[in-house]
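Values quoted throughout were computed directly from the atomic coordinates according to the rules given, and no laboratory measurement underlies them. This one's a predicted model, so the numbers in the text were calculated from it and none came from an experiment. Note that each Cβ is placed from the backbone with ideal geometry, even for glycine, and that neighbours are counted across all protein chains shown.
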Amino acid sequence: MEKYFSRLLDYLLNVLLSTYNQLFILFGPLLVLVVLLNLSAIFTARLSVRFWGRNLFLYGFAWLGCSVHELSHAFFALIFGHKISEVELFKPNSNGESLGHVSHSYNKKSIYQKIGNFFIGISPLLFGGVVLFLITLLLFGFNIVSLSSFRITSHDFTNLLLLKQLATSIWHSLLSYFTIVFTGSGAVWWKSALLIYVLYSTGSSMTLSKSDVGSAFSGFLWLIIIFLVFNLITLWYGNFASVFLNRIVGYISGFYFLMILSLMANLLFIMILFVLNLIKSLFVRR
């Protein structure tokens, strides 16, 4: 009896370990980038309001980012079968707590729709990369993803040498992108200016609200449950799920690059706005 209990315990521990590894492989880099993008967007928005003033920032720049923000919620709500009752792309209220919203509901009995809350919640940060991809393709006629020669896997985060190689590859890809759009043969001042405007407008408005975070968290809990149940049922046959995920995760590294590029753009805007606010404070007395 003790022997069977020990085997059962070992099996359950392997289920937990496999679930953790699979979630890390599939969502680890994504969640890290989501957190960093959200923080950078918050700082960019705060510094922007301080420099431009609320109304100029909202109606000059944030209208675009807010519209993309709400469209991303609506898009993923449709993908996961949620019922959309109202969409306001850009409608700032007087206290500044809300710039737009998407009202949607879902079947509480549907696990698929519950999982959808995760993607609906983080969708603004995912759509930022999509906008960057499209605007670069339209203005400069090249595919950003083709610049991402690297592949992000779970092994990169457990080996210092691999992590350094990954960072170097990402850096070279970033340099290649900025070289093409600002000094390449197809670079024209108005195209570069429009690209900067779109990057700034979307990057400074892709912040997640408390409801977005709460929705994403509840959806992610259901993802954990699904992975746990799947491994509990199938692990005895072999850990084929982890092998499969390790193979496919490299193919989404191009999307990671879009998110990294958006993050780098936000960090540049933060530095520029910080300096501009310092200069403004020297000449403008409140």
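Please express the shape of the chain as an equivalent ellipsoid: the semi-axes are the square roots of 5 times the eigenvalues of the C-alpha gyration tensor, given largest first in whole angstrom.
Square roots of five times the eigenvalues give 38, 25, 17 Å.
With θ set to phi - 60°, apply the Karplus curve 6.51 cos²θ - 1.76 cosθ + 1.60 along region 74-88 and write out the HN-Hα couplings as whole Hz, x wherever there is a Gly or Pro.
3J(HN,Hα) across region 74-88, in whole Hz: 5, 4, 6, 4, 5, 4, 9, x, 6, 8, 8, 9, 7, 10, 10.
Based only on other Cβ atoms within 10 Å, what is the fewest-to-most ordering of Arg54, Arg7?
If I rank by nearby Cβ atoms, fewest first, I get Arg7, Arg54.
Please compare each pair in Lys109/Lys210; Lys210/Lys280; Lys164/Lys210 to a cut-off of 28 Å on the Cα-Cα distance and tell me which ones are over it.
Exceeds cut-off: Lys210/Lys280; Lys164/Lys210.
If amide hydrogens are placed 1.01 Å from N in the peptide plane, which non-local residues have theirs closer than 5 Å to the one on His104?
It is Ser85, by chain and number.
When the Karplus curve 6.51 cos²θ - 1.76 cosθ + 1.60 is applied with θ = phi - 60°, which whole-Hz ³J(HN,Hα) does each residue of region 228-235 get, with x for Gly and Pro?
4, 5, 4, 5, 4, 7, 10, 4
Bin width 10 Å, alpha-carbon pairs only: give the P(r) of region 65-132 as whole percents, running from 0 to the bin holding the largest distance.
Calculated over all Cα pairs of region 65-132, the distribution is 22, 49, 25, 4 percent.
Need one number: convex hull volume per residue for region 10-72, Cα atoms only, in Å³.
Dividing the Cα hull volume of region 10-72 by its residues yields 97 Å³.
I'd like the Karplus ³J(HN,Hα) series for region 197-208: coefficients 6.51, -1.76, 1.60, θ = phi - 60°, whole numbers in Hz, and an x wherever there's a Gly or Pro.
Per residue, the Karplus-derived 3J(HN,Hα) values read 4, 5, 4, 6, 5, 7, x, 7, 10, 8, 8, 8 Hz.
Go through 176-189, 115-128 and give me the packing order, highest mean Cβ count within 10 Å leading.
Going from most to least packed, we get 115-128, 176-189.
By how many nm would the segment from Ser85 to Val284 lengthen if fully extended, with 0.36 nm per residue of separation less the alpha-carbon distance?
Net length gain for the segment: 67.1 nm.
What length, rounded to one decimal in nm, is gained on full extension from Arg50 through to Lys210, with 0.36 nm per residue of separation minus their alpha-carbon distance?
55.4 nm
Fully extended, how many nm does the chain gain between Leu232 and Ile272 (0.36 nm per residue separation, minus their Cα-Cα distance)?
9.3 nm
Show that you can apply the helix-only estimate: for the chain, add -39,500 (n - 2.57) for every DSSP H stretch of four or more residues, divide by all residues, and state [θ] at 222 nm to the nearest 500.
Counting only the DSSP helices, I get -25500 deg cm²/dmol.
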